[in-house]
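Working notes for the structure below.
The values are calculated or read from the model by the stated rules, or taken from the named source; none is laboratory data. Not measured: the values here are computed from a predicted model. Methodologically, a virtual Cβ is constructed for each residue, glycine included, from the backbone with ideal geometry; neighbour enumeration extends over all protein chains shown. Note: accessible area is taken over every heavy atom of the protein model, side chains too, but ligands, DNA and RNA are not part of it. Shrake-Rupley method; radii C 1.70, N 1.55, O 1.52, S 1.80 Å.
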Amino acid sequence: MTRPYTGFDKRATGLTPGLKVLRDTILFLNGGKVTNLGGWVVRDMKGKPGKPSVHSTGRAIDLGYRDREAIEPVIDWLVKNADLLGIEYVADYFPRPGGRGWRCDRNAWSDYPKGRIAGAPGGRWIHIETNPAMSADAARMEAAIKQALAS
């Protein structure tokens, strides 16, 4: 099922509570194989002056990894449970020719040409964005994660 993509909506003062829960759960479940590269920062999108990054909303995080085998199950789990978890976008900087992105408004992956997203191909991190409602509600995110892990 497709859903509208929010993108940048408003500037926040920090990482949202629901996204903190999602990040901390992924890090815990992956026991050091996945690392936190950061979340909230007020800045423009890399390579796109004047276009605010979703990181500025507190609804985006970057997670790093050393081994591709560590992140693939995380990516698959996020996309499989995207509606439940409120996932709007997952960027995967590794694949050639220029990375790939999954978005809720198309419910599908798109392979990007080289230069579309900074750091691709070969980047060893993923970028995750959540919708405003799920991001704002830690308890709701916790319940969604429990449901997703049970399926």
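At a threshold of 8 angstrom on Cα-Cα distance, excluding pairs fewer than six apart, so keeping six or more, what relative contact order does region 95-151 reach in percent?
27 percent
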For this session: Using θ = phi - 60° and the Karplus relation 6.51 cos²θ - 1.76 cosθ + 1.60, list the HN-Hα couplings for region 92-99 in order, rounded to whole Hz, with x at every Gly or Pro.
Result: 10, 7, 7, x, 8, x, x, x
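Quick one: accessible area per residue over the chain, 1.4 Å probe, rounded to a whole number of Å²?
Using a 1.4 Å probe on heavy atoms only, each residue of the chain averages 51 Å².
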Seminar exercise, completed: In the chain, taking the dipole from +1 charges on Lys and Arg beta carbons and -1 charges on Asp and Glu beta carbons about the Cα centre, the listed residue (Ala148, Ile128, Val79) farthest towards the positive end is Ile128
Exercise. Once you charge only the Cβ atoms, +1 for Lys and Arg and -1 for Asp and Glu, what is the size of the charge dipole of the chain about its Cα centre, to the nearest 20 debye?
Worked result: 440 debye
Exercise. How compact and how long is the chain, expressed as Rg and Dmax of its alpha-carbon atoms in Å?
Worked result: 14.3, 42
Exercise. Between Val54, Tyr65, Leu22, whose Cα lies farthest towards the positive end of the dipole of the chain when Lys and Arg beta carbons carry +1 and Asp and Glu beta carbons carry -1, centred on the Cα centre?
Worked result: Val54
Exercise. Starting at 0 and stepping by 10 Å, how many percent of the alpha carbon pairs of region 85-151 end up in each bin?
Worked result: 21, 38, 29, 11
Exercise. So what's the back-of-envelope 222 nm ellipticity for the chain, counting only DSSP H runs of four-plus at -39500 (n - 2.57) apiece and dividing by all residues, rounded to 500?
Worked result: -9000 deg cm²/dmol
For this session: For region 112-141 and region 1-74, write down the distance between their C-alpha centroids in whole Å.
Result: 5 Å
For this session: Return, ordered by residue number, the residues of region 53-88 whose backbone nitrogen is under 17 Å from a label point located 7 Å along Cα→Cβ of Thr13.
Result: 56-59
For this session: Would you work out what percent of the accessible area of the chain, with all protein chains in place, is carbon or sulfur (probe 1.4 Å)?
Result: 53 percent
Exercise. How large is ³J(HN,Hα) for each residue in region 126-142, as worked out from phi by the Karplus curve 6.51 cos²θ - 1.76 cosθ + 1.60 (θ = phi - 60°), to whole Hz, x for Gly and Pro?
Worked result: 10, 10, 10, 10, 10, 6, x, 5, 5, 4, 7, 10, 4, 5, 5, 5, 4
Exercise. Could you give the radius of gyration (one decimal) and Dmax (whole number) of the Cα atoms in region 46-95, in Å?
Worked result: 12.8, 36
Exercise. With contacts defined as alpha carbon pairs under 8 Å and 6 or more residues apart, what's the relative contact order of the chain in percent?
Worked result: 28 percent
Problem set entry | Asp44 paired with Ala148, simple spin-label distance in nm, labels 7 Å along Cα-to-beta-carbon | 3.2 nm
Exercise. Lysine pairs, Cα distance under 21 Å, 8 or more residues apart or cross-chain: how many in region 14-127?
Worked result: 6
Seminar exercise, completed: Taking R0 as 22 Å and r as the Cβ-Cβ distance between Ala138 and Asn36, the FRET efficiency 1/(1 + (r/R0)^6), rounded to the nearest 0.05, comes to 0.85
